[in-house]
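The values are calculated or read from the model by the stated rules, or taken from the named source; none is laboratory data. In this text, all values refer to a predicted model and were calculated from it rather than measured experimentally. Glycine also receives a Cβ, built like all others from the backbone with ideal geometry; neighbour counts cover every protein chain displayed. Accessible surface is based on the protein model in full, side chains and every heavy atom, while ligands, DNA and RNA are left aside. Shrake-Rupley method; radii C 1.70, N 1.55, O 1.52, S 1.80 Å.
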Amino acid sequence: MKIGVLSDTHLRTPDQSLEFILDIVFAETEMILHAGDIVSAKVLSRLEESGVIAVCGNMDDYEVAGSLPQSRIIDAAGKRIGLIHGWGSKEGLEWRIVRRFEDPRPDVIVYGHSHVPFWDRVDGVLMFNPGSAATGGYRATGTVGLIEIDGEKIEAKHISVKG
């Protein structure tokens, strides 16, 4: 199973970059996850049109924050994926997030907030941050991610979407 992952789009309205990510970069995915900081209802609507599963982030407006959970567990290809945005300083962020998902822990935790691409184990749990899908502005990395689940094997990679 191929899963597209993005976070921290920070958009007021859908733009060409978002369309490129959804329609081209994630064309062959079976699921798309967004780890928060969508920002506006217009962007959330566009994500929902593509069946994106999302959580709210700390920069989302009231309409977005009021319609999305802060965290969720998604079942995909026999694995449990925790989805959350994150909060506070980027120092210690992964440890704070791991502690939010206890008993039983998911197989993978997808998160955002720091805008720093990450793929590693933290306290025995695979953690994946796609970085910021935004291609301009404050701390924009212009990256998204792809998670592939094949039986017991879970792999992930970062993809640059900067033009």
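Odds and ends about this structure:
- Where D120 falls short, out of the listed (1) open to solvent by 50 Å² or more (accessible area, probe 1.4 Å); (2) modelled with pLDDT under 95: (2)
- For region 7-29, the candidate set comprises residues that are touching a residue at least 40 places away in the same chain (Cβ under 8 Å), open to solvent by 10 Å² or more (accessible area, probe 1.4 Å) and of a type outside the set (S, T, N, Q); within that set, the residue that is nearest to E148 (Cα to Cα) is V25.
This table checks each residue for (1) open to solvent by less than 70 Å² (accessible area, probe 1.4 Å); (2) under 12 Å from the mean Cα position of the chain (by Cα).
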{"position": "E49", "(1), (2)": "no, no"}
{"position": "G57", "(1), (2)": "yes, yes"}
{"position": "L68", "(1), (2)": "yes, no"}
{"position": "G86", "(1), (2)": "yes, yes"}
{"position": "S89", "(1), (2)": "yes, no"}
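- In region 123-142, the qualifying residues are those that are in contact with a His (Cβ under 6 Å, 6 or more places away or on another chain) and farther than 14 Å from L33 by Cα, and the one that is modelled with the highest pLDDT is A134.
- Hey, E102 assigned to a loop (DSSP other than H, G, I, E, B) and surrounded by fewer than 18 Cβ atoms within 10 Å (Cβ to Cβ) or not: yes
- Test: residue in region 108-116 that is open to solvent by 10 Å² or more (accessible area, probe 1.4 Å) and either free of Cβ contacts under 8 Å to residues at least 24 places away in the same chain or assigned to a strand (DSSP E or B) (or both): no
- Of all residues making up region 14-61, the number that are hydroxyl-bearing (S, T, Y), more than 27 Å from G78 (Cα to Cα) and at pLDDT 95 or above: 2
- Which numbered condition K162 misses (of (1) in contact with a strand residue (DSSP E or B) (Cβ under 9 Å, 6 or more places away or on another chain); (2) open to solvent by less than 60 Å² (accessible area, probe 1.4 Å)): (2)
- Picking from residues in region 70-84 that are among the small types (G, A, S) and not in a loop (DSSP other than H, G, I, E, B), the one that is most open to solvent (accessible area, probe 1.4 Å) is S71.
- Candidates D61, D103: the one that is in contact (Cβ under 8 Å) with a residue 12 or more places away in the chain, more than 21 Å from T143 (Cα to Cα) and not polar (S, T, N, Q) is D61.
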